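S.K.: Following this message is one structure expressed as C-alpha cells.
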Amino acid sequence: MPKRRTVRTPHPLFHGATGLALLVAGLFWLLPDASVDAQDPTPEPAPPAGSTVVDSIIEIPLSPTGERSLIPIAVPDLRNLGDSDPRGYVDEISARTRNALDMAGYFRVISPDAFFFDPDADGMTAATINFENWYNVGAQAVVKMGFRVATNQVRLDYRLFNVDAGEEVELDWRPVTVGLDEVAAETFRFINAIIAYYTGQPGVFGSRIAYAAPSSGGGKQIYTMQMDGGGISAVTSNRSLNILPAWGPGGDVMYTSYVNFNPDLYIGRNNARRLSTRPGLNVGAQLNPAGDTIAFTMTRDGQAEIYLMDIDGQNLRRLTNHPAEDVSPSWSPDGRRIAFVSDRAGGPQIHVMNADGSGQRRVTFAGRYNTTPAWSPTGDVIAFTGRDSRNRFDIFTVDPETSYIERLTQDQGQSQSPTWSPDGRWIAFTSTRDGGGARLYIMTRDGAYQRVVNPDVVGVESPRWEPRVPSSAR
C-alpha cells in the first residue's frame, strides 16, 4: 500500500514577508489548513507516558488557584517635608506606590477614603504614629513616605510599620538623596524591599516591558512601559511597520522593521543598528541568558527556520532544517535549550531542542494551535498561547519534560503572547477582555490576580518583559 503523502500548499500569505511575520508572531490561526496528500511527513514522536492527547482542541479547565491571604496595607499620601514640589511628586508617587502594591498580588491596599482621621497628624517614627487609628481602618501595615527638595536633589524618607506590633519594620532600604529624575526608580526599590520582607524575594517593579502598538503618527511602533504602567517611552518613530520587540544587550531593544522595505532586524533607538538584513524574514530575535548569542527566524532558504548569530550579527548558524515552518525561539534560563514553534505535525505546536539544534522534540500534544512559547526563568514550565474548543485564545503552561498542561486564563476575550517577569512570579500578556482592542495585562504565575497594566494603551502586541531589573530599581 502506498504511503500517505502530504504536500504543504503555500497559503497566499506566505508569498509575502508580512504573512510570515504573522506566523512568527503566533498568528497561525490566520492560515487555513493547507495540507493535501503528497509527500512523506516527518514522523512525530509519541507523547510522553502519562500525558493527555487531544489532537483537535484544548479541553483543559482553568487551573485551581489557592486562596491567598492578602495583607491589608495603608498608604497615605506622600508628605512634602519641605517647601516645594517641582515635579508633582505628591500625586504621582502616592498613586504609583498604591498601584504597585495592589499589582503585586500580596496586598489589599486600603482606600484613602477609609481614613477617618488626618494621616498628616502622624509623624515619621513609631513614637509619633497613632497605631490605633490604623488598626481601626483594618490595616496590618502602614507605609509612611516623605520627601524634601533641595536645589536639584530630593531627600526621600520612606518607612514601613507593623500596626499590630506598633513598630517600624527593618527593610533592605534606607532613606536616600537622589536626583529629580530618580525618585520613581528609588520608590520602586522601596516597594521591592517591602515585597522582599513579606515573601523573602524582592519584587521587580522598575522593570520594563517592550511591546508593539499602533501610533497616532502612523505605522506600528515599538514602545517600552514600566511594570506598573508608567514611564512609557517610544523606541521607534519612523511611520513604518515595526514588530516583535525583544530585549538585547545592555538593555537595548531589538525589533523587526519594514522601514527599508524588507523585514530587517534592528537594535537600539534613535541611531538603530541593523543586525540582520538578509533577504526575506529576519524576525523573532531572542538573546540568550549569557548575552552573547541571538536566536531568530529567517527565510533566506525559502522556509522559516531558526538560526543563531553573535550579537554583532555575524557567525550565522542554522539550527532547524525542515519543510515545516520553525519559528519563535525562546531560550531556557540555563541557555542549554530552546523552545520553538513548528507546524511539522500539521498545525503549530511547541517543540524544544538543544542549543546546537540537536534533540528536537514535540512538547504539546493537546490542541492544534499552540504558539508564542516563553520559557519561565525558573525553568520548570513554558508559557504559551493555545486555542481552545471555542476558538478562543488563552494562556497555558506546559512542563517540557512531562507535557503536562495547565490553563491560566479562560472566558475573558482573546488572551495571547505571555512573557515572564525576571523572577518568574508574574506573567504579562495581551487580552481583549475589556473591548476596544488588546491591552497589556499582568497576572501571578498561577493565573490569579489578573489586572490591566495601563487601560489607556490599546492595540498592544507581542509584549516582552525585560529579563533583568535595572540596577536603579534593585
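S.K.: Are any of the residues in region 160-169 assigned by TED's automatic domain parsing to the domain that holds Ala100 and either assigned to a helix (DSSP H, G or I) or basic (Lys, Arg) (or both)?
M.R.: Filtering region 160-169 for residues assigned by TED's automatic domain parsing to the domain that holds Ala100 gives 160-169.
Subset that is either assigned to a helix (DSSP H, G or I) or basic (Lys, Arg) (or both): none.
No: zero hits.
S.K.: Within region 208-228, can one find any residue that is modelled with pLDDT of 95 or more, basic (Lys, Arg), in contact with a Gly (Cβ under 9 Å, 6 or more places away or on another chain) and assigned to a strand (DSSP E or B)?
M.R.: Yes - at least one qualifying residue is present in region 208-228.
S.K.: In addition: Filter region 82-135 down to residues that are in a helix (DSSP H, G or I) and surrounded by 13 or more Cβ atoms within 10 Å (Cβ to Cβ), then give me how many there are.
M.R.: 21
S.K.: Provide a single number: the residues in region 158-213 that are at positive phi and buried (at least 20 other Cβ atoms within 10 Å of the Cβ). First the steps, then the outcome.
M.R.: So the first thing to find is which residues in region 158-213 are at positive phi, and the list is 166, 200, 206.
Checking which are buried (at least 20 other Cβ atoms within 10 Å of the Cβ) leaves us with 206.
Going through region 158-213 one residue at a time, the tally reaches 1.
S.K.: While we're looking at this one, here's another question. Go through the residues of region 408-416 one by one and say whether even a single one is surrounded by fewer than 24 Cβ atoms within 10 Å (Cβ to Cβ), more than 22 Å from Ile232 (Cα to Cα) and either in contact with a helix residue (DSSP H, G or I) (Cβ under 9 Å, 6 or more places away or on another chain) or among the aromatic types (Phe, Trp, Tyr) (or both).
M.R.: No - not one qualifying residue is present in region 408-416.
S.K.: Cβ-Cβ below 7 Å, separation at least six or inter-chain, first residue in region 425-447 and in the same structural domain as Gln226 (by TED's automatic domain parsing) and within 17 Å of Arg407 (Cα to Cα), second surrounded by fewer than 17 Cβ atoms within 10 Å (Cβ to Cβ) and charged (D, E, K, R): which pairs?
M.R.: Cβ pairs passing all conditions: Tyr441/Arg451; Ile442/Arg451.
S.K.: I'd like the full set of residues that are surrounded by fewer than 18 Cβ atoms within 10 Å (Cβ to Cβ) and among the acidic types (Asp, Glu), limited to region 268-318.
M.R.: Across region 268-318, the qualifying residues are Asp292, Asp301, Asp310, Asp312.
S.K.: Within the group Thr409, Thr402, which residue is in contact with a strand residue (DSSP E or B) (Cβ under 6 Å, 6 or more places away or on another chain) and part of a loop (DSSP other than H, G, I, E, B)? I'd like the intermediate steps shown before the answer.
M.R.: On the way: Thr402 fails: in contact with a strand residue (DSSP E or B) (Cβ under 6 Å, 6 or more places away or on another chain).
Result: Thr409 is the single residue among Thr409, Thr402 that is in contact with a strand residue (DSSP E or B) (Cβ under 6 Å, 6 or more places away or on another chain) and part of a loop (DSSP other than H, G, I, E, B).
S.K.: What is the residue count in region 346-366 for residues that are part of a loop (DSSP other than H, G, I, E, B) and either within 22 Å of Ser417 (Cβ to Cβ) or among the aromatic types (Phe, Trp, Tyr) (or both)?
M.R.: Of the residues in region 346-366, 5 are part of a loop (DSSP other than H, G, I, E, B) and either within 22 Å of Ser417 (Cβ to Cβ) or among the aromatic types (Phe, Trp, Tyr) (or both).
S.K.: While we're on this one: I need every pair where a residue in region 354-377 that is under 22 Å from Asn321 (Cβ atoms) has its Cβ under 7 Å from the Cβ of a residue that is modelled with pLDDT under 95 and in a loop (DSSP other than H, G, I, E, B), sequence separation at least 6 or different chains.
M.R.: Pairs found: Arg361/Pro45; Arg362/Glu44; Arg362/Pro45; Arg362/Ala345; Thr371/Gly26.
S.K.: Select from region 189-207 the residues that are polar (S, T, N, Q) and touching a strand residue (DSSP E or B) at 6+ places or on another chain (Cβ under 6 Å) and list them in ascending order.
M.R.: Asn192
S.K.: Please work out which residue is farthest from the chain's Cα centre (by Cα), limiting yourself to region 136-159 and to residues that are at pLDDT 95 or above and assigned to a loop (DSSP other than H, G, I, E, B).
M.R.: Ranking the qualifying residues of region 136-159, first place goes to Val137.
S.K.: Being over 15 Å from Arg96 (Cβ atoms) and crowded, with 24+ Cβ neighbours inside 10 Å is the filter here; which residues of region 222-234 pass it?
M.R.: Ile222, the sole residue that qualifies.
S.K.: List every residue pair whose Cβ atoms lie under 7 Å apart, where the two residues are 6 or more positions apart in sequence or sit on different chains, the first residue falls within region 303-327 and is under 16 Å from Gly346 (Cβ atoms) and touching a residue at least 12 places away in the same chain (Cβ under 8 Å), and the second residue, located anywhere, is part of a loop (DSSP other than H, G, I, E, B) and β-branched (Val, Ile, Thr).
M.R.: Close Cβ pairs (under 7 Å, with a partner that is part of a loop (DSSP other than H, G, I, E, B) and β-branched (Val, Ile, Thr)) amount to His322/Thr42; Asp326/Thr320.
The values are calculated or read from the model by the stated rules, or taken from the named source; none is laboratory data. Because the structure is predicted, anything quoted here is derived from the model rather than measured. Note that we place each Cβ from the backbone using ideal geometry, even for glycine, and neighbour counts take in every protein chain shown.
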